[in-house]
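So the structure is just underneath, and the comments pick up after that.
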2 protein chains.
Amino acid sequence: MTAAVSAVPSEPRDPQRIYSIAELAREFAITARTIRFYEDEGLIKPRRQGLTRLYTAGDRTRLGWILRGKRLGFSLAEIKELLDLYQVDRTGVSQLRELLRRSREHIEDLQRKRRDLDAHIKEFEDVEIQVAAELKKRGAETGND
Amino acid sequence: MTAAVSAVPSEPRDPQRIYSIAELAREFAITARTIRFYEDEGLIKPRRQGLTRLYTAGDRTRLGWILRGKRLGFSLAEIKELLDLYQVDRTGVSQLRELLRRSREHIEDLQRKRRDLDAHIKEFEDVEIQVAAELKKRGAETGND
DNA sequence: ACCTACATTGACGTTAACGTAAACGTAAAC
DNA sequence: GTTTACGTTTACGTTAACGTCAATGTAGGT
């Protein structure tokens, strides 16, 4: 999970570009198998040229979104739901109402998560401060080079 | 994963209290099996009275910490590492240095996660705004009761 | 025509994180 | 004294999220 800053998701890309599966795999530091698996699960639907998969800039963005969701601890099933939220037809008023309700729900969920995260960060910052102080007391450098 | 605000982790508790496994399970909305599993994995080590497990307020806090970590998308292995970080002996200077390094590393990881989270929230807030506007345009109430 | 690099589809294996069932101990309640 | 409620261990089952072959296709270079 906690990989060392591998994915390089944002460069000035032209929206016409087409990506191969290996390209996307490299860029996001995942395997092609993973991307195909996401397709099996209905998370992405690339065009085909014969059998070969062709990914648009939109597909690439979508993939990035999926991976970000994963990093935040959502399951693929949850991520699929959220992606489908965008895709849903917005013709009917009842659909719009539902969409609004769901996205508010999700925002609350994210905000809960944010509170958890902030609490977590605060604790570790406390550790850092105290340990740094202890080191200083012992006359050692704290590692700020 | 995304349960509906179930755990009620903070009440004015006295630090002398002892908890049964079922009590903690109820409070955190998990099963006893899960708690025992965490013990097998070395995440908590309750006292025993014969065979029966007795949990202190510290154990309870620890359990809450574990579950928060899970909500944030950390694996149990990662959580164990982080918990052990606190437990490590802080006698030697080299241990302190290592502890400092690790906790800084972890803070950076959490901050990355926070950026992910903020981006996610922003996107959904945009959806909310636009959908609400669309609904208003159509003369329907937006659902703010 | 052949090699090489990269693509494809199955199909089975694997790991993490528990669930579930069996078989049993213990202590209070009826 | 036996039901009820809770606890225990042991062990096998399950689901999600991929990994790992194996067999095969395809496009480009020499």
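The values are calculated or read from the model by the stated rules, or taken from the named source; none is laboratory data. If you're wondering where the values come from, they're calculated on a predicted model, not measured in any experiment. No Cβ is skipped: glycine too gets one built from the backbone with ideal geometry, and neighbour counts run over all protein chains shown.
Selection of first residues in segment A:21-40 that are assigned by TED's automatic domain parsing to the domain that holds A:Arg62 and of second residues that are near DNA strand D (Cβ under 9 Å from one of its atoms) and polar (S, T, N, Q), restricted to Cβ pairs under 8 Å at least 6 apart or on distinct chains, gives the following pairs, ordered by first then second residue: A:Ala25/A:Thr31; A:Ala25/A:Thr34.
Is there a residue in segment B:36-53 that is closer than 30 Å to A:Phe74 by Cα, within 12 Å of DNA strand C (Cβ to nearest atom) and within 14 Å of the chain's Cα centre (by Cα)? The answer is yes, given that some residue of segment B:36-53 is closer than 30 Å to A:Phe74 by Cα, within 12 Å of DNA strand C (Cβ to nearest atom) and within 14 Å of the chain's Cα centre (by Cα). Is it the case that segment A:81-97 has a residue that's assigned by TED's automatic domain parsing to the domain that holds A:Ala29, farther than 23 Å from B:Arg115 by Cβ, touching a residue at least 12 places away in the same chain (Cβ under 8 Å) and not polar (S, T, N, Q)? Within segment A:81-97, none of the residues are assigned by TED's automatic domain parsing to the domain that holds A:Ala29, farther than 23 Å from B:Arg115 by Cβ, touching a residue at least 12 places away in the same chain (Cβ under 8 Å) and not polar (S, T, N, Q).
Each residue in segment B:63-104 was checked for being charged (D, E, K, R) and either more than 9 Å from every other protein chain (Cβ to nearest Cβ) or in contact with a strand residue (DSSP E or B) (Cβ under 7 Å, 6 or more places away or on another chain) (or both), and 6 of them qualify. Take the conditions (1) closer than 26 Å to A:Ile121 by Cβ; (2) away from DNA strand C (no atom under 16 Å from the Cβ); B:Leu67 misses just one of them, which is (2).
Among the residues of this structure, B:Gln87 does not count as one that is at pLDDT below 95, more than 16 Å from DNA strand C (Cβ to nearest atom), under 28 Å from A:Asp126 (Cα atoms) and over 19 Å from the mean Cα position of the chain (by Cα).
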